[in-house]
Amino acid sequence: MEKTSALLERLPEEAIDLNVNAQRVLGGESLNTIQTWGSALASAYFIRYPELTAAILADAKAAGLSAAHLSDAKGAAAVMGMNTVYFRFRHIMHTDAYTQKAFNLRMTRMKQVATDQTHFELYSIGPAALAGCELCLKAHEAAVKKGGLNEDNVHDAVRIASVLNGVAVALEMV
């Protein structure tokens with residue numbers, strides 16, 4: 001976690017909690033190392049703070065993420081960049097005029113994963129939470145649980161996303 005730790009050292013005093021929280025959530029709690037860093041990387045891509053993304057990517061590689069997991073984290077962030085806007089719109093509008101329309105958006109990357117469906121769905125949880133997309137969160141939680149993970153795993157993926165978002169905000173203060 002060398003690159004991320006170096007980045008965290010730059011946080012202002014007002015953001016000291018984020019340093020402690022980042023060390024905790026990236027240290028792995030209910031998620032294994034691959035799940036932790038894959039979730040962190042998807043969230044970092046979604047947050048779009050280049051220094052944070054570079055640090056998380058370097059540390060994810062150092063932690064042993066394969067090219068397939070790196071690809072799925074990137075793919076999850078990209079697809080969720082589209083889906084969270086579209087499905088949040090459908091949820092907010094909540095009228096038959098929109099909810100009965102076909103999506104008509106290509107989402108084959110969600111089914112043509114490089115690792116396995118459960119990892120891809122887990123990597124989608126953080127971006128869904130960051131975007132506040134209820135429909136996305138519920139769908140990805142169900143898929144993750146179907147794949148054998150549980151509420152603790154989902155909770156930790158969201159905690160990772162929330163802490164990394166806070167880190168990006170705090171770095172803007174420096």
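The values are calculated or read from the model by the stated rules, or taken from the named source; none is laboratory data. This one's a predicted model, so the numbers in the text were calculated from it and none came from an experiment. Every residue, glycine as well, gets a Cβ built from its backbone with ideal geometry; the counts of neighbours run over all protein chains shown. With ligands, DNA and RNA removed, areas are computed over all heavy atoms of the protein, side chains included. Shrake-Rupley method; radii C 1.70, N 1.55, O 1.52, S 1.80 Å.
Summary of values
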read-out: Accessible surface, the chain, averaged per residue in Å² (probe 1.4 Å); value: 50
read-out: Cα gyration tensor of the stretch 1-107 - equivalent ellipsoid semi-axes, whole Å, descending; value: 32, 17, 12
read-out: Area of S5 that stays accessible when all protein chains are in place (1.4 Å probe, Å², to 10); value: 30
read-out: Apportionment of accessible area to carbon and sulfur, the stretch 75-125, percent (1.4 Å); value: 58
read-out: Phi to ³J(HN,Hα) by Karplus 6.51 cos²θ - 1.76 cosθ + 1.60 over the stretch 120-132, Hz, x for Gly, Pro; value: 4, 5, 4, 5, 7, 5, x, x, 4, 5, 4, 8, x
read-out: Degrees, to the nearest 10: 33-47 long Cα axis against longest axis of the chain; value: 80
read-out: Cα long-axis angle, helix 151-171 against the chain (0 to 90 degrees, to the nearest 10); value: 60
read-out: Table column - 3J(HN,Hα) (Hz), the stretch 60-74, Karplus curve with 6.51, -1.76, 1.60, x for Gly and Pro; value: 5, 5, 5, 6, x, 5, 6, 4, 5, 5, 4, 5, 5, 5, 5
read-out: Separation of the A54 and I16 label points, Cα + 7 Å toward Cβ, nm; value: 2.9
read-out: Longest segment of the chain lacking GluC sites (Glu not before Pro) that sit in a DSSP loop with at most 14 other Cβ atoms within 10 Å; value: 30-171
read-out: The chain - charge dipole about Cα centre, Lys and Arg +1 at Cβ, Asp and Glu -1, debye rounded to 20; value: 820
